[in-house]
Amino acid sequence: MNKYPLGLFLLKFTLLTLLLVFLSFPVFAQKKPVFTNADTLINQKDIVDYLKPIFIKDTVKYNQRKKGISNKRVYYSLLPATTGVPGGGSALVTSTNISFYMGDRKKTTLSELYFTPYTNFQGRYVFPLRSNIWLNGNSWNLLGDLRFLIYPQKSWGLGSNTAEENGTLINYNYFRFYETALKKIAPNLFAGFGVNFDHHSSIRAESNQGFFESLKPYYDT
């Protein structure tokens, strides 16, 4: 089992940040503005231009979409990734983002749904769905947080006398329903109400003799 998932993640994040800063440095360090003649760019192509016909059937529609010439109301993206998780090990995460308009684009903010399920391949499954919905003209803003978890994790009880190897595996399911509805009563001023509901179920502890042995000093007379 990987004992340092968080450390590796922080190292990767730091290296990536330094790389981005290094790559952007010449842009900020440049003293003189560079002017490019648009006429010289008409016939220039890069590798993306050559690959588009292979992966994209309707290149005309694709170019229109890139320029914003589209009546499409729903946009989505899918991004699988791996990461470290609390308690050790790695997890497979799939992040799905769906964006859409619920009204006139000029008067309505883009609504979004985020679905990021993941598993650590050790019996832990998480299904979170978050939403930020704007109705036509931003008349209402609906904020939601819906989650279902099958989340086994170790517990060492109270105090600090329990050895690392004597942790007890606690299995439980968790359901969350948070929803907030905000009504626009003036420009940039909203008021509303919300409900928060949490429910834990199927709570059970796996037998661990070592854990009970560690409690013996407290009840042995």
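The values are calculated or read from the model by the stated rules, or taken from the named source; none is laboratory data. Since we're looking at a predicted model, the values are computed, not measured. Note: ideal-geometry Cβ built from the backbone for every residue, glycine included; neighbour counts use all protein chains shown.
Tabulated results
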item: Where residue 164 falls short, out of the listed (1) within 19 Å of residue 125 (Cβ to Cβ); (2) free of Cβ contacts under 8 Å to residues at least 24 places away in the same chain; result: (1)
item: Spans of strands (runs of 3 or more DSSP E) in the stretch 72-175 with at least 1 residues within 22 Å of residue 199 (Cβ to Cβ), at pLDDT 90 or above and of a type outside the set (A, V, I, L, M); result: 111-115, 125-134, 140-150
item: Residue within the stretch 176-188 that is among the polar types (S, T, N, Q), surrounded by 14 or more Cβ atoms within 10 Å (Cβ to Cβ) and either touching a strand residue (DSSP E or B) at 6+ places or on another chain (Cβ under 8 Å) or more than 30 Å from residue 141 (Cα to Cα) (or both) present; result: yes
